[in-house]
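For reference, the structure is listed below as C-alpha cells.
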Amino acid sequence: MEKIADKMDKIVSLCKRRGFVYPGSDIYGGLANSWDYGPLGVELKNNIKALWWDFFVHKRDDMFGVDAALIMNRKVWQASGHEKGFSDMLVECKKCKKRFRADHVDGKKCPECGGALSEPRQFNTMLKTFLGPVEDETGLTYLRPETAQGMFVNFKNINDSLHPKIPFGLAQIGKAFRNEITPGNFIFRTREFEQMEIEYFIKEGEWEKQFEYWLSEMKKWLRMIGLSDANLTFREVPAEDRAHYSKRTVDIDYNFPFKKDELYGIAYRGDFDLKNHQEASGQDLSYFDEEKKERFIPHVIEPTFGVDRTFLAVLSEHYKEEEVKGEQRVYLSLPPVLAPYKVAVFPLLANKPQLGEKAKTIYENLKQSFMVSWDDIGNIGKRYRRQDEIGTPFCVTVDFETLEDDTVTVRDRDTMKQERMKVGDLTEYFKKHVS
Ligand code: GAP
C-alpha cells in the first residue's frame, strides 16, 4: 500500500512541477508555510470560487454578495470578542524554546527535542498591524481573522439599501489571517488563507430547521466538487471545543493524506454578533418584519468553507495513479468544471505546417468558449501524459485525415478512449461535457 507521506509528497511535487503552487518567496529561500499559487493553481482556485459563488449566490434569490475591507476598525474585533477570546492555548519548550498548540502535542515532552514543556498559556492569534506613521496603540488594528465580520458590519447597509426579506444571507470570499502557532501540512494550515463564508439571517425559532437545511446544501456542494462520502466525516463539536459564539457546530472533516482534519464547518452563531455590534456601535441592527409588524435581532447560521483546504482536498481526492502498458500514468480526475484547462489541442506532428495551421485555427476557435491549452512539443503520448497530470478532460489531435474530412480525434482523460468527431461539432460537445 502507498505510504501516506508519499501521496502528500507527490501532490506537493506535482504542484510545483506543473505550476499549481510554489513555495512563497522562493528565490529567497522561501518563507516558512507561505505558498504562492501559479498559473494552473490560480485557474483551479478561481474555478472553485466561481462554482461556489454560482451555486450559493447566483442560483439563489435570497443571497447577496459582499466584498468588505480586509482591515477593519479595531472596535469590530473588540465587539466580536476576538480581541479577548480569539486565542489558542500554547506551550513552550523550555529547552529549544519552540512553541506548540497545546492541543497539538501529546504529553509533556517537546515533539522536536524532547525537552520539558511549559504550562499552557493564552496566545491571541490575530495578526496585528498599525495604520498610519506611528506604531502605537492609536493605530493598532488587525488583519481580519475571518471574513464573517465584514458581513455583520454591513448588515444595516444591506437592509437599508436592498430591503431583503428574512430569511436571507450574505456571502463573501476573501483572505483571512491568523498568527497560527503551528502552521503546516502544505496549504492546509497557513497564516494567510482564503475563506468562502455565508451568514444566513433567520428568526430564532427556525434555527434547528435552517441548520439542517444548510448542512444539506453543504453536502450538495461536496458532491459538486467530487469529494467522496468515504473521505468525509460530519462531526458534532462538543460545547467545550466550540468557538466562543457558537451554540451548535458541525465540523466537516476530510481524510487528507496526512490525517483526517477539518475541511469546513457550520455554526449556529445565535444573535451574538449583531447584538454585540449593536451594543458597541450604538446603531440599530434589528430587522423589522413588515408582515408581523415585529422588530427583532436576527439569528445566524454560518456555513464556512476554506478555499485552500478545498483546493487540497480536491487534489487529494482526484490524484490518481495507474499502470498503462507497463508505464505509470498520473492523472487528476478533476470534475471538468474545476479543471484549469478544459481542452488541449495538438497537431499530430510539429514539423508539418499544414497540420499546425489547421490545429491553430481549431485552437483559436475553441478559445472563444473555453480555457484551451496548446501543445506541440514531444510525441503525442508525452503530450497526453502532460495534460493528464494537470487534469485536462479532453485532448483534440489534428492529423492528416483532418485535412481531408475535417474530423479530429477527441481523447477522454479518464477512459483514454478516442473518438473521431467533426470539427464543427466540437464546441457543442465540450459545452455539454465541461460545464
Ligand atoms: N467565520 C467562522 C470561522 O472562521 P473557522 O472554523 O475558524 O471558522 C473556517 O474557519 C474555515 O477556514 C475552516 O473550516 C478552514 O477551512 C479555513 N481555515 C481556518 N484556519 C485556516 C488556516 N490557518 N489555514 C487554512 N485554512 C484555514
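The values are calculated or read from the model by the stated rules, or taken from the named source; none is laboratory data. Everything numeric here is computed off the predicted structure, so don't read it as measured data. Backbone-built Cβ (ideal geometry, glycine too); neighbour counts: all protein chains shown. Each accessible area value is taken on the protein alone, full model and side chains, heavy atoms only, with ligands, DNA and RNA left out. Shrake-Rupley method; radii C 1.70, N 1.55, O 1.52, S 1.80 Å.
Go through 44, 232 and list them by solvent-accessible area, largest first, probe radius 1.4 Å.
Sorted descending by solvent-accessible area, the residues read 232, 44.
If I ignore ligands, DNA and RNA and count only protein heavy atoms, how much of residue 163 is accessible to a 1.4 Å probe, in Å² to the nearest 10?
130
Quick one: compute the contact order of region 341-434, relative version, from alpha carbon pairs under 8 angstrom and 6+ residues apart, as a percent.
29
How high is the relative contact order of the chain, given as a whole-number percent (alpha carbon pairs under 8 Å, six or more residues apart)?
That works out to 13 percent.
Taking all protein chains as present, what is the carbon and sulfur share of the accessible area of the chain, in % to the nearest whole number, probe 1.4 Å?
50
Measuring from label point to label point, each 7 Å out along Cα→Cβ, what is the residue 203 to residue 417 span in nm?
5.3
Largest first, what is the accessible-area ranking of 197, 236 with a 1.4 Å probe?
236, 197
Which order do 36, 412, 289 take when ranked by solvent-accessible area (1.4 Å probe, heavy atoms of all protein chains), largest first?
Solvent-accessible surface, decreasing: 36, 412, 289.
What do you get for the angle between helix 39-53 and the principal long axis of the chain? Use alpha-carbon atoms, 0 to 90 degrees, nearest ten.
60
Measuring from label point to label point, each 7 Å out along Cα→Cβ, what is the residue 231 to residue 283 span in nm?
4.1
List the pairs from 16/320; 84/109; 49/275; 10/108; 360/417; 16/45 whose alpha-carbon separation is above 26 Å, in the order I gave them.
Violating the 26 Å Cα-Cα cut-off are 84/109; 49/275; 10/108.
Mind running the shape call on region 341-434? Use the C-alpha gyration tensor, a ≥ b ≥ c as the square roots of the eigenvalues: rounded below 1.5 for a/c, prolate if a/b tops b/c, oblate otherwise.
Since a/c stays below 1.5, the shape of region 341-434 is classed as rounded.
Taking only Cα atoms, what is the 0 to 90° angle, nearest 10, from helix 4-17's long axis to the longest principal axis of the chain?
70
Per residue, what accessible area does region 341-434 have, given a 1.4 Å probe and all protein chains present, in Å²?
Counting only protein heavy atoms, the per-residue value for region 341-434 is 50 Å².
Which of 400, 142, 379 sits farthest toward the positive end of the charge dipole of the chain, with +1 on the Cβ of Lys and Arg and -1 on the Cβ of Asp and Glu?
My answer, from the dipole projection, is 379.
How far is helix 207-224 tilted off the main Cα axis of the chain, in degrees rounded to 10, range 0 to 90?
Tilt of helix 207-224: around 20 degrees.
Ignoring everything but the protein chains, give the 1.4 Å probe accessible area of residue 37 in square angstrom, nearest 10.
Counting only protein heavy atoms, the figure is 50 Å².
What length, rounded to one decimal in nm, is gained on full extension from residue 104 through to residue 261, with 0.36 nm per residue of separation minus their alpha-carbon distance?
Stretched out fully, the residue 104 to residue 261 stretch lengthens by 55.3 nm.
In bins 10 Å wide, starting from 0, what share of all Cα pairs of the chain does each bin hold, as a percent?
All Cα pairs considered, the percentages come to 4, 18, 25, 23, 16, 9, 4, 0.
Give the residue list of GluC sites (Glu not before Pro) in region 274-314 that are DSSP loop and have at most 14 other beta-carbon atoms within 10 angstrom.
Sparse-neighbourhood loop GluC sites (Glu not before Pro): 290, 291.
In region 94-110, which residues have a backbone nitrogen under 12 Å from the label point lying 7 Å from residue 118's Cα in the Cα-to-Cβ direction?
Only 94-100 pass the distance filter.
Report the paramagnetic label zone for residue 94: residues of region 172-206 whose backbone N is under 14 Å from a point 7 Å from Cα along the Cα-to-Cβ axis.
Hits in region 172-206 for residue 94 at 14 Å: none.
In whole Å, how far is the Cα centre of region 1-50 from that of region 314-369?
Result: 20 Å between the Cα centres.
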